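Below you'll find the structure, written out as structure tokens, and then a few comments.
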Amino acid sequence: MTANPKAAIAERLAEARERTLELIAPLDDAQLNTVFSPILSPLAWDLGHIANFEELWLVQTIGGRESMDGELGRFYDAIENPRKTRGELPILRDAELRSYMADVRERTLEVLETIDIAADAEDPLLREGFVYEMLLAHELQHNETMLQLLQMVPGYESALVEDLLALQPSVPGPDTVVVPAGVHEIGAGERGFAYDNERGRHPVELAAFEIDRTPVSNGAYIELMKDAGAEPPLYWEPDGDGGWIDTARGRRAAIDPSHPVVHVSWEQADAFARWAGKRLPSEQEWEAARPHLDGVGHAWEWTASDFLAYPGFKAFPYPEYSEVFFGPEHKVLRGGSWATHPSVARPSFRNWDLPQRRQIFSGLRCARDA
Ligand SMILES: [Fe+2]
């Protein structure tokens, strides 16, 4: 890491891009263009969208430059183009896609040299380098979406994925911590990068509650399946011998009962908590208990909370990141998974998805009233 803030940004942009390219390195162009699931984009769309988002914000918006191809933005708009339609769009592919990514990056670095990113910069997009932090987070978050898709690619092998999975902790459970009744500050403070949905920081009064120190393990989830006939997580198949194997990425690997369970829906998570005589924590409880929790960052943890605006919410810098998703149809997940870059998983970060979704790296931990 270098002391010059612009050089540091350039370095971090390069690191994020390296990670993106490392993830797709084992694949050929045909695999990048394949639609594996109607709920996920072909990887070529993610790659073009990452670069187009970069062009929109770091070249056009703050650099004041014309777009390289006026039409392109339409096809990479995530709201205009639902995932199930993205394989049919006239998006960039193959060599054209790779050269667009490189051309945008070249322009980004030219613009970076010309702008003021001081802490007191007048433009809120530039203050503390906000727009660059947003772009870095965007690319790294798309890496996780790409990893969701890569779980569906038979034979996909990556040293990066193996390294991340090797860090999976044992989650013995069911040790718990009691958080006494009190007022807790929830959300991101004024300084530092955060999304609009994490602000503003506000006091929340919570009754005393008890929360598990660790997320629910595969072994505990197997007990629920045995006892209550619950559906297995996504990618699990019976091994024919009363056990379960993990078929993600086309492998057939024994399930490690000590690892946190992932690929369960909110409905499955909620059912587990009830079966255990407990409940899912609210996202405020989760955040209040965060300093006491182990195993954070290995599985996204479903909470009982709907994805709603905090008091005083202001959409920034565009309403399509959070605001259009607010409402009771999306449930909040907290924490982060093995597929999440650590810089994304700050304590106030709020993830959200539909309650039936299981392609995300989602597990849970349980709570109850104290
Ligand atoms: Fe995006």
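The values are calculated or read from the model by the stated rules, or taken from the named source; none is laboratory data. Keep in mind that what you see is a predicted model, and the values were worked out from it rather than measured. Cβ atoms come from the backbone with ideal geometry, glycine included; neighbour counts cover every protein chain shown. Note: accessible area is taken over every heavy atom of the protein model, side chains too, but ligands, DNA and RNA are not part of it. Shrake-Rupley method; radii C 1.70, N 1.55, O 1.52, S 1.80 Å.
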Residue within region 73-80 that is without any contact (Cβ under 8 Å) to a residue 12 or more places away in the chain and either closer than 30 Å to Asn4 by Cα or open to solvent by less than 50 Å² (accessible area, probe 1.4 Å) (or both) present: no
Residues satisfying the stated conditions in region 214-236, i.e. out of contact with any Asp or Glu (no Cβ under 8 Å at 6 or more places or on another chain) and either on the phi > 0 side of the Ramachandran plot or outside any loop (DSSP other than H, G, I, E, B) (or both): Ser217, Gly219, Ala220, Tyr221, Ile222, Glu223, Leu224, Lys226, Asp227, Ala228, Gly229
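Matching residues to (1) in contact (Cβ under 8 Å) with a residue 60 or more places away in the chain; (2) open to solvent by less than 70 Å² (accessible area, probe 1.4 Å):
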{"site": "Tyr156", "(1), (2)": "yes, yes"}
{"site": "Leu160", "(1), (2)": "yes, yes"}
{"site": "Leu165", "(1), (2)": "yes, yes"}
{"site": "Ser170", "(1), (2)": "yes, no"}
{"site": "Val179", "(1), (2)": "yes, yes"}
{"site": "Glu210", "(1), (2)": "yes, yes"}
{"site": "Thr214", "(1), (2)": "yes, yes"}
{"site": "Ser217", "(1), (2)": "no, yes"}
{"site": "Gly229", "(1), (2)": "no, yes"}
Helices (runs of 4 or more DSSP H) (entirely within region 85-194) containing at least 2 residues that are among the basic types (Lys, Arg): 94-114
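Within region 110-135, can you find the residues that are surrounded by 15 or more Cβ atoms within 10 Å (Cβ to Cβ) and more than 15 Å from Pro317 (Cα to Cα)?
Val111, Leu112, Ile115, Ile117, Ala121
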Residues being surrounded by fewer than 21 Cβ atoms within 10 Å (Cβ to Cβ), touching a residue at least 60 places away in the same chain (Cβ under 8 Å) and either farther than 24 Å from Glu323 by Cβ or not aliphatic (A, V, I, L, M) (or both) - total across region 297-310: 1
Test for Arg65: is it open to solvent by less than 60 Å² (accessible area, probe 1.4 Å), at negative phi and touching a helix residue (DSSP H, G or I) at 6+ places or on another chain (Cβ under 9 Å): no
Condition met for Leu40 (over 17 Å from Pro90 (Cβ atoms), open to solvent by less than 50 Å² (accessible area, probe 1.4 Å), in a loop (DSSP other than H, G, I, E, B) and of a type outside the set (Asp, Glu)): yes
Cross-chain or 6+ apart pairs with Cβ under 9 Å, region 99-116 first and free of Cβ contacts under 8 Å to residues at least 40 places away in the same chain, then of a type outside the set (A, V, I, L, M) and assigned to a helix (DSSP H, G or I): Asp103/Glu55
Hey, Ile91 surrounded by 16 or more Cβ atoms within 10 Å (Cβ to Cβ), within 16 Å of the ligand (Cβ to nearest atom) and of a type outside the set (Ser, Thr, Tyr) or not: yes
Residue that is surrounded by the fewest Cβ atoms within 10 Å (Cβ to Cβ) [pool: residues in region 43-62 that are within 30 Å of Gln356 (Cβ to Cβ) and not aliphatic (A, V, I, L, M)]: Phe53
